[in-house]
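Inspection log for the structure reproduced underneath, given as structure tokens.
None of the figures in this text is laboratory data; all of them are computed from the coordinates on show. Nothing here was measured: the structure is a model prediction, and the numbers come from that model. Here the Cβ positions follow ideal geometry from the backbone for every residue, glycine too, while neighbour counts run over all protein chains shown.
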Amino acid sequence: MVQKLSMKIGGAELVLETGRIAKQANGAVYATLGQSAIIATTCCASEATEGLDFVPLTVEYNEKYYAAGKIPGGFIKRESRPKDREILVSRLIDRPMRPLFDKAFGREIQVVPTCVSTDLVNPPDILAVIAASAAVHISDIPFAGPIAAVRVCLIDGQYVVNPTYDQINKAKLEIVVAGTAEGFTMVEGDSSEASEEEMLGAIEAARQPLVDICGLICELRKLAGKEKLPLAPSRSNSSGRTRSASTPTPSSPSPSSRR
């Protein structure tokens, strides 16, 4: 059954949809912001791997040429290795999400957000973070999320949430803030001689939008979420009972924070 929810964020409408595409994945969400669109899927291995002391998470963000109405030409006729931007966006998605997976799950996890359309107005990287988080949260993979992300720019003394490309070019300060409804898990960005007060103000401006987006993802889980898989049996538990996966313990003692 197709489920769709939407909300206004910045100057565009964010839409999250599931149940129409990629039904064989553990979780899949089709997200749009303006005319930019991301399809994010997540899958995990059928069995746990013994002896892992880390989260075997792989994030592969893809931007297709056809998303902007282009076709590769010249000597290279097809898309090959990941572009630098795709690698950077993959890291942008990985960093805030990785601490919220439980190492005890023990299964390889793959998250693949693909940009299938871009309006060249709304950057798709923030949308990819939201879509990836939503796909994992509604899936049966244990995850102490959801997370959300927004970009905040300081333009003529005003903070703008999820600005367009033109607004970003005029900004004195640009940061990407990601986190759960309870707190931040990542901050990164750059500025042109911005003060500490301006930086803190930009982070504070991101707080409520993050809470609202996380609430939207939670509502989507209520409509289309799957029961979470159990964690791998504890080595010290000889009875073979599995630990509860309802509230997984983050794989890192404290969230990463980067500027």
Using a basic spin-label model with each label point 7 Å from the Cα along Cα→Cβ, how many nm lie between Gln35 and Lys64? 1.7 nm
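Set the Förster distance to 30 Å, then compute FRET efficiency between Lys8 and Phe54 from the Cβ-Cβ distance, nearest 0.05. It would help to have the intermediate numbers written out before the result.
Details: r = 39 Å, r/R0 = 1.29.
Efficiency computed from Cβ-Cβ geometry: 0.20.
Any of Lys83/Lys228; Lys103/Lys226; Lys23/Lys222; Lys8/Lys170; Lys103/Lys228 with alpha carbons more than 25 Å apart? Name them for me. Can you show the working numbers first?
On the way: Lys83/Lys228 34 Å; Lys103/Lys226 20 Å; Lys23/Lys222 18 Å; Lys8/Lys170 23 Å; Lys103/Lys228 15 Å.
With Cα atoms farther than 25 Å apart: Lys83/Lys228.
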With each label point set 7 Å from Cα along the Cα-Cβ vector, what nm distance links Asp212 and Asp84? 3.5 nm
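If I stretch the segment between Lys23 and Lys222 completely, what's the gain in nm (0.36 nm per residue apart, minus their alpha carbon distance), one decimal? Please report the intermediate quantities before stating the final value.
On the way: separation 199, 0.36 × 199 = 71.64 nm, distance 1.75 nm.
Extra length available between Lys23 and Lys222 comes to 69.9 nm.
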For the residue pair Leu200 and Gln110, what label-to-label distance in nm results when each label sits 7 Å from Cα along the Cα-to-beta-carbon direction? 4.5 nm
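Test of understanding: what is the full-extension gain from Val121 to Asn169, defined as 0.36 nm times their sequence separation minus their Cα-Cα distance?
Values: separation 48, 0.36 × 48 = 17.28 nm, distance 1.20 nm.
Gain on extension, Val121 to Asn169, equals 16.1 nm.
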